[in-house]
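Rule-based calculations on the coordinates, nothing more; no lab input. Note that this is a predicted model, so its numbers are computed, not measured. So basically every Cβ, Gly included, is an ideal-geometry build from the backbone, and we count neighbours across all protein chains shown.
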Amino acid sequence: MNAIVSVTKDWGIGLKGKLLVRNPDDMRFFKEHTMGGTVICGQTTFESFPGGALAGRRNVVLSLEPGYEAPGAEVYASLEEALAAVHDNKTDDVWVIGGASIYRQLLPHCEKAIVTKNDVVLPADTYFPNLDEDPVWRVESRADGGVTGSGIPYEFVTYARNL
């Protein structure tokens, strides 16, 4: 299992349920990596998708709301149920995509984390764990991303779990 996320310099990922940095190149990057695989997210993240379930991917949603239905997705009430549901998938085909609580719960199960690092600090109320300060993780590779339409430089950093 892997995580994929877009963060600011202070590892912010969201404010009031919205992404901090709008970047079409990052959206394409996300789609390229997750297409054909399984994405795992929480209910709030799922509800933030403008078109509902992400097409071309198996959508797995964690929700504590009894009877919650997510059209086009499988809904599980516990982390254990969700992990059991994706157990037979190839590791590289399962992507944790948020929100913050889901990242915190599933990051210990991830082998890699692909992070779009945006060179900016913006107001945020939601954060991803700082992998640079976590001895469990190391930088495996870096790739230049470019600059967003609003002038924010970004790069793609792949972290691998230390064995």
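Could you calculate, for the chain, the ratio of the Cα radius of gyration to the Kirkwood radius, expressed as Rg to Rh?
On the way: Rg = 15.1 Å, Rh = 16.0 Å.
Rg/Rh: 0.94.
Below 8 Å, C-alpha to C-alpha, sequence gap of six or more: please give me the relative contact order for the chain in percent.
So the answer I get is 32 percent.
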Please turn the phi angles of segment 4-9 into ³J(HN,Hα) values with the Karplus equation 6.51 cos²θ - 1.76 cosθ + 1.60 (θ = phi - 60°), one per residue in order, whole Hz, x for glycine and proline. 9, 7, 10, 10, 9, 4
Residues whose placed amide H lies under 5 Å from that of Gly145, excluding near-sequence neighbours: Tyr154, Glu155, Phe156
Do any trypsin sites (Lys or Arg not before Pro) in segment 1-54 lie in a loop, going by DSSP, with at most 13 other beta-carbon atoms within 10 Å of their beta carbon, and if so which? Lys9, Lys16, Arg22
Burial ordering of Glu133, Glu81, fewest other beta-carbon atoms within 10 Å first: Glu133, Glu81
Between Val121 and Glu155, 0.36 nm times their residue separation minus their Cα-Cα distance comes to what? 10.8 nm
Within the set of other residues whose C-beta is less than 9 Å from the C-beta of Thr148, count the net charge using Lys and Arg as +1 and Asp and Glu as -1. -1
Under the Karplus curve 6.51 cos²θ - 1.76 cosθ + 1.60, θ = phi - 60°, whole-Hz ³J(HN,Hα) for segment 91-97, x wherever Gly or Pro sits: 3, 6, 9, 10, 10, 7, 10
Ser48 versus Arg142, label points 7 Å from Cα toward the beta carbon: distance in nm? 2.6
Name the long-range amide H neighbours of Val75: under 5 Å, sequence gap of 5 or more, or other chain; modelled H, no Pro or chain starts. Val61
Each residue of segment 115-129 in turn: what ³J(HN,Hα) in whole Hz from Karplus with 6.51, -1.76, 1.60 and θ = phi - 60°, glycine and Pro shown as x? 10, 7, 9, 8, 7, 7, 10, 10, x, 8, 10, 9, 10, 9, x
Long-range amide H partners of Gly52 with built H, under 5 Å: none
Find the lysine pairs in the chain meeting two conditions, Cα atoms under 21 Å apart and a separation of 8 or more places or different chains, and report how many there are. 10
Electrostatic dipole magnitude of the chain [Cβ: Lys, Arg +1; Asp, Glu -1; Cα centre; debye, to 20]: 280
